[in-house]
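The values are calculated or read from the model by the stated rules, or taken from the named source; none is laboratory data. Nothing here was measured: the structure is a model prediction, and the numbers come from that model. Please note: Cβ atoms are built from the backbone with ideal geometry, for glycine as well, and neighbour counts cover all protein chains shown.
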Amino acid sequence: MSAPDEFPAQYDFATNEPAIYARWQAAGVFTANTARSSRLGGDRAPYVIVMPPPNVTAILHVGHGLNGAVQDVLMRWARMKGQEALWVPGTDHAGIATQNVVEKQLAAEGKTREDLGREQFVERTRAFVAETGGVILQQLKSIGASADWTRTAYTFSPELSGAVREAFVRLFEKGLIYRGHRVIHWCPRCLTSLSDEEAEPTETTGALYHISYVLQDDPSRIITVATTRPETMLGDVAVAVNPEDERYQDLIGKNVILPILNIPIPVIADDYADPAFGTGVVKITPAHDANDFDVGRRHGLPTPVVIDEHGNLGEVMDAVGRVPAHLIGVERFRARKQIVKLLEAAGRLEKRETHLHNVRHCYRCDTVVEPRLSDQWFVRMQSLATPALDAVRTGHVRILPERWVGVYESWMTNIRDWNISRQIWWGHRVPVWYCSSCDAPNNVIASRTDLASCPQCGGDVRQDTDVLDTWFSSGLWPLSTLGWPDENAPDLKAFYPTDVLVTAPEILFFWVARMIMFGFEFKGETPFHTVYLHGTARDTQGRKMSKSLGNGIDPMDVVNRYGADALRYTLIAGMGLGADVFLDPADLDKSFATGRNFATKLWNIGRFLLKNVGDGEVTSFGPGLALNRADEWILDKLDTAIRESDRALGPLRPEGKQWRNDELTAGLRLNDFAETARRFVWNELADVYLEAIKTRLLTPGDDQQVARSVLVHVFDQALRLLHPIVPFVSEALWARLPGHVEGTFLATASWPAARAEAAASPRVGEFEMLMEVAGALRTVRSKYNVPPSQEIAASIVTSAGNRGVLTEESVLINRLTKATIAFVDTAPAGDASNMVLSGGTELIVPLEGLIDVRKECARLESELKNLEKQLTALEGRLSNPGFVERAPAAIIDAERAKLGEWSTRRDLLRARFEALCATG
RNA sequence: GGUCGCGUAGCUCAGCUGGUUAGAGCGCUGCUUUCACACAGCAGAGGUCCACGGUUCGAAUCCGUGCGCGACCA
């Protein structure tokens, strides 16, 4: 017997979790071995997940916790399934985000990045990251993440930076990267361009200003133009109408007068103008609107720039005479007000109405983004998108939940070129050098190595000052973390392509789509066969948890209070495929009760069980044990739980390279898995089986040995099933199982297998019958408040077979219900509680003095009524010729069987009701 | 505006290819501090499956419309 302090009543997760984690690490349980991968001649199929790299300066929030928990469940499951499991962890240098953090620090010191200069600023950021970065990886360990930390990667490491250069140069050489003069999203605070995805639309109530323009030839003719950004009118070069629009046919080719500046601009015809929107006339500002830019280019219009990089008005480029002197240098939103005043004064502001529209904000600092004409690097997406789109359409990659497939397809088919240059300092610098001597286009050289002079003429070169979008490097993540571009890298050979990519739907385009595109472009193969998009953590009002709203939950708080297992179980069990998880940040006790209760319960089950099994030798489980009904029953339930778990988790990978249609949505139902495992260990193993075998466990003899053997076996299997969800407490208990071999881990134990499917032993059904009898007896006790100490005597009318079973199990029945049973041929008269069970078994409990006849009659009557209602419906169905002719035979048989069963029960109930309640 | 999703017990949600007396957790009610666990056990209450219409022998499940939410893309 274990000493009491070795098996405390309360599970001490606070000391257990870190200790267990340390043991796993010391044993190298999470370290993958290339030689064992079947792709390199080993005997294990690889199962690989690359972790979405959190920002290097990030600290763990629930979203990360959820993401990590999902991946860890899959990793641990695959590892136990005998796969060579590799979970690659790492962080992202997060260009704009990290630069902003350091800039804030500088601001606190009264400095700007310009004060330091580029080199020093980058150095300082590097030091900052080295010192404080990667905290989140440590936090992931405390939630149990079984990642291979020996392979921890970083997007800005020398190795991964090399991959970035290689990718850039290859795309450049193929002509897929080009320098473009375009209107892009510009953040006037970060002073950088942003991709379409980084400029996030936010619904905002603004104003729609209706401005009247007069015709140059005929001042009496007025047309109205609506805009939400009147300050951009200084850069207007035309107004456009739809060529089909009958209202304005006569104006096309004529000029209107641009108010304030009082210069003539042409009326042009372009499909872009939507006749149904507003007045059907749209102003064209090519330098400050992406659509207008396209219109301008189609019509050969100039592109005056009237807003500078800081968002202030000015005659920035090709705009001489376009900004009134008193507006030069004025900030854009103040300028907007002043322009509106000028319009009012000139009588040109027709009206102003409130308007709900989307305003794009910088995803890093939330400043309103300004569309701005500038030179940027772009990736031509069309040819990259084609194989990535096909891969999803043909089932080489599946996206779960399925509804995201459509979103993915529409994005990929309407894909626009990707602006990859950022005017910041923290990131991979664009590997392009400009030669001061060579002629264009030869003066632009992309290079894998730094250039000191021009390789063509030996002349002076200077490197492009832009850095690459962070997502360019993270798009290479599955490749670069495994050693690409070295095609002979063992990790690349052993582990690429990977298996599942687990992330949030928000970054489907930012990241997932680009990884798929790069996977095909650089390796000719998809980086993973499954994209699993999980939900978002929200508060009770449905708001996304975020730092800025202050409604987040710190997973470390949860770990400290209830343990990592409680956190994981709650998240996994509470999250349907792709569904959001709702938690109350103000009530952690309630939010995490599910997981906390479960972890405690599991511990207690283990404690009771192991204490009772004791230290003596346990007969090893196998054929030949003289199993009794309870044993057969729990083994049957175990098989069911294993099968259901396997079905919920699904196949590890497609059989070939493509998912079959019927497997396209199979598996990854982690909540179903959690529920199945919970039901088995709690409701079936603990509530029923343990209660049923307590006496056997305490009574020395052969049967005790059988019970111990089955119990240990079943609990061992249960711990294996549960391990992916609650790794710590399961590992702690597993180590205490009799016969545990020091140095072996549940984390690498084999996944349970159900016994071959066979006709269930009749003893399983017999056990269920006797549990039904016990349940009925308990119901009677509870209904009539029979004191726990008082024995009751019941009469039963039942088949000979059931009599035999109940006689054999009378000790168990008595232990569970404090009842003794007498068999009778017909129900005795007198005040009694009456129940009819499956198969027409009648249970009569005479309770002279205790039973309230009126109450019993009311109960019988309501049961009878309910049953009659069901029977009417059932009879209706069976007498419907349509049903009998067209429904499948199996369904009809089942309905007929039900009819027989229910009719018997109704007849018996009615008889009892009349005997007891008939008032004469 | 386009595309998509959601509306099932007081709350949060399962219910996959139509056939269940519609489920779980939390909460609630009663009994029990019985020697694993009160973060528990036993027994319960609680649902016109948003509304209307349709397909079908049969609909929470499929289709349409409406109402109410939400997401993504414009």
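Structure notes:
- Any chance A:Val773 is closer than 30 Å to A:Val853 by Cβ and at pLDDT below 90: no
- Residue selected from the stretch A:856-870 under the condition near RNA strand B (Cβ under 10 Å from one of its atoms) and surrounded by 12 or more Cβ atoms within 10 Å (Cβ to Cβ), by the criterion farthest from A:Asn785 (Cα to Cα): A:Gln870
- Some residue of the stretch A:680-687 being free of Cβ contacts under 8 Å to residues at least 40 places away in the same chain, surrounded by fewer than 16 Cβ atoms within 10 Å (Cβ to Cβ), near RNA strand B (Cβ under 9 Å from one of its atoms) and over 23 Å from the mean Cα position of the chain (by Cα): yes
- Failed item in (1) part of a helix (DSSP H, G or I); (2) more than 9 Å from RNA strand B (Cβ to nearest atom), with A:Trp659 passing the rest: (1)
- Some residue of the stretch A:878-900 being within 30 Å of A:Pro787 (Cα to Cα), in contact (Cβ under 8 Å) with a residue 24 or more places away in the chain and near RNA strand B (Cβ under 9 Å from one of its atoms): no
- Matching option when the condition is in contact with a strand residue (DSSP E or B) (Cβ under 9 Å, 6 or more places away or on another chain), over 21 Å from A:Trp511 (Cβ atoms) and not small (Gly, Ala, Ser), among A:Thr132, A:Thr112, A:Thr31: A:Thr31
Quick grid of which residues meet (1) of a type in the set (D, E, K, R); (2) within 16 Å of RNA strand B (Cβ to nearest atom); (3) free of Cβ contacts under 8 Å to residues at least 12 places away in the same chain; (4) crowded, with 16+ Cβ neighbours inside 10 Å:
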position	(1), (2), (3), (4)
A:Glu402	yes, yes, no, no
A:Trp426	no, no, no, yes
A:Trp433	no, no, no, yes
A:Ile445	no, no, no, yes
A:Thr449	no, no, yes, no
A:Ser453	no, no, yes, no
A:Cys457	no, no, no, no
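- In the stretch A:639-666, the residues that are of a type in the set (A, V, I, L, M) and closer than 17 Å to A:Ser750 by Cα: A:Ala641, A:Ile642, A:Leu649, A:Leu652
- Hits in the stretch A:774-794 - residues which are more than 11 Å from RNA strand B (Cβ to nearest atom) and buried (at least 17 other Cβ atoms within 10 Å of the Cβ): A:Ile792, A:Ala794
- Of the residues making up the stretch A:366-382, at least one is more than 12 Å from RNA strand B (Cβ to nearest atom), small (Gly, Ala, Ser) and outside any helix (DSSP H, G or I).
- Picking from residues in the stretch A:167-209 that are within 16 Å of RNA strand B (Cβ to nearest atom) and among the β-branched types (Val, Ile, Thr), the one that is surrounded by the fewest Cβ atoms within 10 Å (Cβ to Cβ) is A:Thr205.
- Residue under evaluation A:Ala335, criteria (1) in a loop (DSSP other than H, G, I, E, B); (2) under 20 Å from A:Asn262 (Cβ atoms); (3) in contact with a helix residue (DSSP H, G or I) (Cβ under 6 Å, 6 or more places away or on another chain); (4) not hydroxyl-bearing (Ser, Thr, Tyr), criterion not met: (1)
- Residue among A:Ala586, A:Ala579 that alone is in contact with a His (Cβ under 9 Å, 6 or more places away or on another chain), surrounded by fewer than 18 Cβ atoms within 10 Å (Cβ to Cβ) and among the hydrophobic types (A, V, I, L, M, F, W, C): A:Ala579
- Selection status of A:Arg398, closer than 30 Å to A:Ala504 by Cβ, surrounded by 14 or more Cβ atoms within 10 Å (Cβ to Cβ) and in contact with a Ser or Thr (Cβ under 7 Å, 6 or more places away or on another chain): yes
- Of all residues in the stretch A:29-67, those being among the aromatic types (Phe, Trp, Tyr) and part of a loop (DSSP other than H, G, I, E, B) number 1.
- When A:Ala754, A:Ala776, A:Ala800 are checked against the criterion of being within 43 Å of the chain's Cα centre (by Cα) and hydrophobic (A, V, I, L, M, F, W, C), A:Ala754 stands alone in meeting it.
- Only one entry in A:Arg561, A:Arg607, A:Arg643 is outside any loop (DSSP other than H, G, I, E, B), within 9 Å of RNA strand B (Cβ to nearest atom), touching a residue at least 24 places away in the same chain (Cβ under 8 Å) and basic (Lys, Arg), namely A:Arg607.
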